[in-house]
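Here you go, one structure.
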Amino acid sequence: MGQTMVEKIMQKHSDEDAEPGKIIWIDIDIRSARDFGGANVVKNMNTYYPGEKVHDRSKTYFTFDCNVPANTIAYANNQHICRKYAKGEEIKVYDVDAGIGSHVLIEEGLLLPGGTGVGTDSHLNILGSIGAFGQGMGDQDIAFVFKAGKTWFEVPETIRIDVDGQLPADCSARDLTLKTVGTLGTKTALGKAQEFFGPTIDSLDLSGRITLSSMATEMSAIIALLQPNEAVLQECSEARGSPVEGIAPDPDATYSANVTVDINGLKPQISRPGKPHDVVDVETVNDVPVDSVFIGSCTNGRYEDIKAAAMVVKGKKIKPGVFGSVVPATRKGYIRLMKDGILEILVDAGFLVSNPGCGGCASGQIGMTGEGQVQISTSNRNYTGKQGAGFTYLASPETAAASAIMGRIATAEEVV
Amino acid sequence: MTVYNGRIWLMLENNELIDDIDTDMIYHNKYLAITDKSQMGQYTFDNLKGYEDFAKKAQPNDIVIVGENFGSGSSRQQAVDCFDDLGVICVMALSYGAIYKRNAINSGYPILTIKELDRSGLQSGDTLNIDTDSGTIEKDGLVIGRVQPLSTVQKDILAAGNVFEYAKGL
């Protein structure tokens, strides 16, 4: 019987049959912990495996991205606990200057299509963007994998999502993503894997794929797996330094449900404060004044995302009174943006450009919102209190950039 | 036989069990640097509208009842551990976020999934008796609902204490 991608990947990493609903043991190619959760992983290792080594130090990493550099003593302490442990165990640390761990794993070629990775990051399923299985986990789960090199999984059912239509010129992968989140809500894909099909998906670049896969979490899905196209395989091969193979579902794979997302005539999308899946057309809320704008995060912090924002603001100035910030996802992306003059465009427009990291999502790397403050963010979550005490809308880099210029929620077309 | 008997909290908004309670509502990210479990309970639900004083009122042996997709959001273990610290004996939800479910199961914290529950006449403070073997939820000796049977791995990990102890026996 044919298999979906998640079944194929799990099968390849297990001695057991990967049938949906069955609990099987799976080998994990890459095990990671962030500064968030990492100190507790170390604590668990010392509690449950005192004096013992990790299963395979060459497959184990720390990636600091949550609070970088630490702006509280507690985080500084936690990062230092991880560093000291890593030094003793000879585990590589991608430190506070490296950027978002999930992006680093892809960029460094540590994870490849068809592989498996876990980490203390609920958006580690971003790895679905290259056709790999990624799972965010808590600190006990991760400590267990550090030691065992494998763990149990319930093989998820897979939902097939057909994206119907071509992406209009004024929309980006983020608008497609928000449309999908709005269509599926938080229950359709709960606990399931997703596979996406359609011409628009086939032609999405890696940056767009990361955007889409990153919001599987907000749809309560285990992962959104995308079949790598030639360009993605090329990028993974270059990152790895050797050719990599692709992965595809079998033509006769079984899906537990079929959903169609219609993007014909799509308009720029935005999530209203409180719920990522409360998605409307930007034009329905374009009278809302904006106090701050954040462009970055694991969802939209890639070179291409930040360049797209820069193209909107080029030669213009942020509306006085609005605070705009840009946080590239990784150090490599930052360097490229700097060399290509993109950061200069953003700084000239009035944006604050910060060092790479998670930015607005975590613990205030570039500040937080105050009570009553309205923020447009390109991140993936706008739960109450997540990015401060204010109100956070979620939108594309283009919409966020346009809103910074106009001082109200706006599409890029309104700026031109 | 595994039985949970305790005083319930029905987590309600407009008389419906609240769906999509995320980990920031359960245990806000401003407390994430805390690694000592005995410091976690006091912050439980302090970012959930209407339940900010939950931790002050919760008592050992309480049971928390919530809606769909409980624990969606981040991967923080604290959002499980805080209930254990308070002495809440189990959480019952209509469904769970995937990471939350793993975190609870692996740490040996009992989470139960409600299959059906007759809430007419049921209110916070009532005492329920839940038997995970028969799958029944009882009030005053009457069956008012059912929970889904525990998976084998959840049963085994609960019996062992946590995933670390469980793995030793494999």
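What's the FRET efficiency of A:Glu19 with A:Glu90 using the Cβ-Cβ distance as r and R₀ = 35 Å, to the nearest 0.05?
Approximately 0.35, to the nearest 0.05.
I would also like to ask the following. Report the paramagnetic label zone for B:Gln123: residues of the range B:10-52 whose backbone N is under 13 Å from a point 7 Å from Cα along the Cα-to-Cβ axis.
B:10
Compute the FRET efficiency between B:Arg7 and B:Ala160 as 1/(1 + (r/R0)^6), taking r as their Cβ-Cβ distance and R0 = 22 Å, and round to the nearest 0.05.
Efficiency, from the Cβ-Cβ distance: 0.20.
In peptide B:29-40, how many Cβ atoms from other protein chains are near each Cβ within 10 Å, on average?
5
Here is a further query. Work out, in µm²/s and without decimals, the Stokes-Einstein translational diffusion coefficient of the range A:269-415 at 10 °C, 1.306 mPa s, Rh from Kirkwood over C-alpha pairs.
For the chosen part, D equals 110 µm²/s.
Kirkwood Rh, Cα Rg: Rg to Rh for chain A?
0.96
Between the alpha-carbon centers of the range A:278-324 and the range B:68-124, tell me the distance in whole angstrom.
The range A:278-324 and the range B:68-124 have Cα centres separated by 37 Å.
What is the local net charge at A:Arg31, summed over the other residues whose Cβ is closer than 9 Å to its Cβ (Lys, Arg +1; Asp, Glu -1)? Kindly include the intermediate steps, with their values, before the conclusion.
On the way: positive: A:Lys59; negative: A:Asp29, A:Asp56.
That works out to -1.
Can you give the log10 of the normalised intensity I(q)/I(0) at q = 0.17, 0.22, 0.23 Å⁻¹, computed with Debye over equal Cα scatterers of the range A:1-84?
-0.81, -0.99, -1.03
While we're on this one: Among A:Asp340, A:Asp175, what is the fewest-to-most ranking by other Cβ atoms within 10 Å?
A:Asp340, A:Asp175
I would also like to ask the following. Find the relative contact order for chain A and round it to a whole percent, using C-alpha pairs within less than 8 Å whose residues are 6+ positions apart. Walk me through the numbers before you get to the answer.
Values: 1058 pairs, mean separation 73.3, N = 416.
Here the relative contact order equals 18 percent.
Counting only other chains, and only Cβ atoms inside 10 Å, what mean value do you get across the residues of B:119-132?
0
Along the charge dipole of the range A:189-320, pointing to its positive end and built from +1/-1 on Cβ of Lys, Arg, Asp and Glu, which listed residue (A:Gly191, A:Asn286, A:Leu212) has its Cα farthest out?
The residue sitting most towards the positive pole is A:Asn286.
Using the 10 angstrom Cβ neighbour count as an exposure proxy, how do A:His13, A:His123 rank, fewest first?
A:His13, A:His123
Let me ask you something else. Please give, to one decimal in nm, the separation of the simple spin-label points placed at A:Glu108 and A:Ala76, each 7 Å out from Cα toward the Cβ.
Using points 7 Å along Cα→Cβ, the separation is 2.5 nm.
Which of the residue pairs A:Lys59/A:Lys87; A:Lys84/A:Lys386; B:Lys49/B:Lys155; A:Lys22/B:Lys101; A:Lys275/A:Lys386 have a Cα-Cα distance greater than 22 Å in the structure shown?
A:Lys84/A:Lys386; B:Lys49/B:Lys155
Next question, about the same structure. If r is the Cβ-Cβ distance from A:Ser237 to B:Lys168 and R0 is 60 Å, what FRET efficiency results, to the nearest 0.05?
After rounding to 0.05, the efficiency reads 0.90.
Take peptide A:107-116, look around each residue's Cβ out to 10 angstrom, count Cβ atoms belonging to other protein chains, and average those counts.
On the way: counts 0, 0, 0, 0, 0, 0, 0, 0, 0, 0.
Across the residues of A:107-116, the mean count of other-chain Cβ atoms within 10 Å is 0.
Under the definition of Cα pairs under 8 Å and six or more residues apart, what whole-number percent is the relative contact order of the range A:269-415?
35
Continuing with the same structure: Mind giving me the nanometre distance, one decimal, between the label points for A:Asp287 and B:Ser151, set 7 Å out from Cα along Cα→Cβ?
Between A:Asp287 and B:Ser151, the label points sit 5.0 nm apart.
A short reminder: the numbers here are calculations on the coordinates, not readings from a lab. Predicted, not measured: the structure shown is a model, and the values here were computed from it. All Cβ positions, even for glycine, are placed from backbone atoms using ideal geometry, and neighbour counts span all protein chains on display.
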